[in-house]
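The values are calculated or read from the model by the stated rules, or taken from the named source; none is laboratory data. Please read these numbers as outputs of a predicted model, since none were measured by experiment. Cβ coordinates were reconstructed from backbone atoms using ideal geometry, including for glycine residues, and neighbour counts include every protein chain displayed. Each accessible area value is taken on the protein alone, full model and side chains, heavy atoms only, with ligands, DNA and RNA left out. Shrake-Rupley method; radii C 1.70, N 1.55, O 1.52, S 1.80 Å.
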Amino acid sequence: MQKFIGLGIVVLCVFGGFVMANGRLLSLWQPAELVIIIGAGLGSMVIANSSQVLLAIKSQVAALFKSQPAHSEVTQELLCVMHALLESVRQKGLKSLDEHIEFWQESSLFLQYSHVHSDLVLMNFITDNFRMLSMGKISAHELESLLEQEIAAIEEDMLKPSSALHTTGEAMPGFGILAAVMGIIITMSKLDGPLLSIGLHVGAALVGTFIGIFLCYCIFEPLSHALATRVDKKISLLECIKSILVSHSTGKTPLLAVDAGRKLIDKDAKPSFVEMEEWLNKKAA
């Protein structure tokens, strides 16, 4: 909803201000300019990015405008599920997690935490690393190094759609100038016509510059930043899991290991130790 509100404010203020200055909205409707600018932008994205990145852009942008669980709710579930997993390991050993790790889609444990269970990135990170821990002894230092490398690779991959939108957004004013120059070329061929006709052609050419600037600073750049922010939140959750697993590998109790992860959570979603303990006790009851 917030994204729709922001988009509405941008459109209302930009075009409303134009109307307040006695501008005619119909004069901004220049299909040829739109075809040139948007076509050039989309074409450059297709040239510069793989099909996987293009599909990721589509899915990530669509997710921005869908209802998402609050970051604090996902954080709460993540801390609870990690504590439940570590408690099972403490009581029964790593082998007790085999059925949950190998078949997590149907796991009775993970199904209790719908937000975490529906997040493929989190689930793959959790299950893959518990699977690795069950395969043999690994020191806390080695585990931390491996997890840092994995998180860096995931972050780089997840930021590609944001980077692609940012690059295209930066080019939009240039595409607008391209459309404007082509409009001026057309205008030059009409110099022997009526003055009104020349003015209309010049105005149409300038609309191309406006469209390029509008798409850059009002659409592509905000979308790029919003995608990057979502990635940052997801990476903070992976950092939380990393800290919990590393603390567990040093011999910390489940509660202390989960608390190590809690300390890395973003301030807006970070619970106090007492709040976290209440969540865990409520789940254990």
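Within region 240-274, track down each residue that is of a type in the set (S, T, N, Q) and in contact (Cβ under 8 Å) with a residue 12 or more places away in the chain.
Start the filter on region 240-274 by keeping residues that are of a type in the set (S, T, N, Q), which leaves 243, 247, 249-250, 253, 272.
Across region 240-274, the qualifying residues are SER243, SER247, SER249, THR250, THR253.
Out of the residues in region 172-216 meeting the condition of being without any contact (Cβ under 8 Å) to a residue 24 or more places away in the chain and either hydroxyl-bearing (Ser, Thr, Tyr) or touching a strand residue (DSSP E or B) at 6+ places or on another chain (Cβ under 6 Å) (or both), tell me which one is least open to solvent (accessible area, probe 1.4 Å).
Taking the candidates together, the pick is THR187.
Considering only region 132-141, I want to know if a residue exists there that is assigned to a helix (DSSP H, G or I) and within 27 Å of SER272 (Cα to Cα).
Step one: of region 132-141, the residues assigned to a helix (DSSP H, G or I) are 132-135, 140-141.
If we keep only those that are within 27 Å of SER272 (Cα to Cα) too, we end up with 140.
So far as region 132-141 goes, yes, one or more of its residues are assigned to a helix (DSSP H, G or I) and within 27 Å of SER272 (Cα to Cα).
For SER72, indicate whether it is out of contact with any Ser or Thr (no Cβ under 8 Å at 6 or more places or on another chain), modelled with pLDDT of 85 or more and part of a loop (DSSP other than H, G, I, E, B).
Working: out of contact with any Ser or Thr (no Cβ under 8 Å at 6 or more places or on another chain): yes; modelled with pLDDT of 85 or more: yes; part of a loop (DSSP other than H, G, I, E, B): no.
In short, no.
Give the residues of region 21-53 that are surrounded by 12 or more Cβ atoms within 10 Å (Cβ to Cβ), at pLDDT below 90 and not in a helix (DSSP H, G or I), sorted by residue number.
Correct list: GLY23, GLN30.
Tell me, which residue of region 92-116 that is outside any helix (DSSP H, G or I) and open to solvent by 50 Å² or more (accessible area, probe 1.4 Å) is nearest to LEU133 (Cα to Cα)? Write out each step before concluding.
The initial filter retains those residues of region 92-116 that are outside any helix (DSSP H, G or I), namely 93, 103, 107-109, 113.
Restricting the remaining residues to those that are open to solvent by 50 Å² or more (accessible area, probe 1.4 Å) gives 103, 108.
On the way: PHE103: 17, SER108: 21 Å.
The extreme case among them is PHE103.
If you take the residues in region 270-285 that are out of contact with any Lys or Arg (no Cβ under 8 Å at 6 or more places or on another chain) and modelled with pLDDT of 85 or more, which one is surrounded by the most Cβ atoms within 10 Å (Cβ to Cβ)?
The first filter runs over region 270-285 and keeps only residues out of contact with any Lys or Arg (no Cβ under 8 Å at 6 or more places or on another chain), leaving 272, 274-275, 277-285.
Applying the additional criterion that residues be modelled with pLDDT of 85 or more yields 272, 274-275, 277-280.
Values: SER272: 9, VAL274: 8, GLU275: 13, GLU277: 15, GLU278: 12, TRP279: 17, LEU280: 20.
Here the residue is LEU280.
Can you tell which of GLU144, GLU77 is part of a helix (DSSP H, G or I), open to solvent by 60 Å² or more (accessible area, probe 1.4 Å) and within 28 Å of THR250 (Cα to Cα)?
On the way: GLU77 fails: open to solvent by 60 Å² or more (accessible area, probe 1.4 Å).
It is GLU144.
List, please: which pairs have Cβ atoms under 9 Å, are six or more places apart or on different chains, and start with a residue in region 111-125 that is without any contact (Cβ under 8 Å) to a residue 24 or more places away in the chain and end with one that is polar (S, T, N, Q) and open to solvent by 50 Å² or more (accessible area, probe 1.4 Å)?
Taking only residues 6 or more apart or on different chains, the pairs are LEU111/GLN105; HIS117/GLN105; MET123/GLN105.
Taking region 217-233 on its own, how many of its residues are open to solvent by less than 40 Å² (accessible area, probe 1.4 Å) and either touching a Cys at 6+ places or on another chain (Cβ under 7 Å) or under 30 Å from ILE138 (Cα atoms) (or both)?
Qualifying residue count for the region: 1.
Being among the polar types (S, T, N, Q) and within 31 Å of the chain's Cα centre (by Cα) is the filter here, so list the residues in region 82-117 that pass it. I'd like the intermediate steps shown before the answer.
Restricting attention to region 82-117, the residues satisfying the condition of being among the polar types (S, T, N, Q) are 88, 91, 96, 105, 107-108, 112, 114.
Scanning region 82-117 gives GLN105, SER107, SER108, GLN112, SER114.
Could you please find all residues in region 251-269 being over 27 Å from the mean Cα position of the chain (by Cα) and either among the polar types (S, T, N, Q) or open to solvent by less than 80 Å² (accessible area, probe 1.4 Å) (or both)?
Of all residues in region 251-269, those over 27 Å from the mean Cα position of the chain (by Cα) come to 251-257.
Hits for region 251-269 are GLY251, THR253, PRO254, LEU255, ALA257.
If VAL89 passes every condition in (1) surrounded by 21 or more Cβ atoms within 10 Å (Cβ to Cβ); (2) within 18 Å of SER243 (Cα to Cα); (3) at pLDDT below 90 but one, which one does it miss?
With (1) surrounded by 21 or more Cβ atoms within 10 Å (Cβ to Cβ); (2) within 18 Å of SER243 (Cα to Cα); (3) at pLDDT below 90 applied to VAL89, the lone miss is (1).
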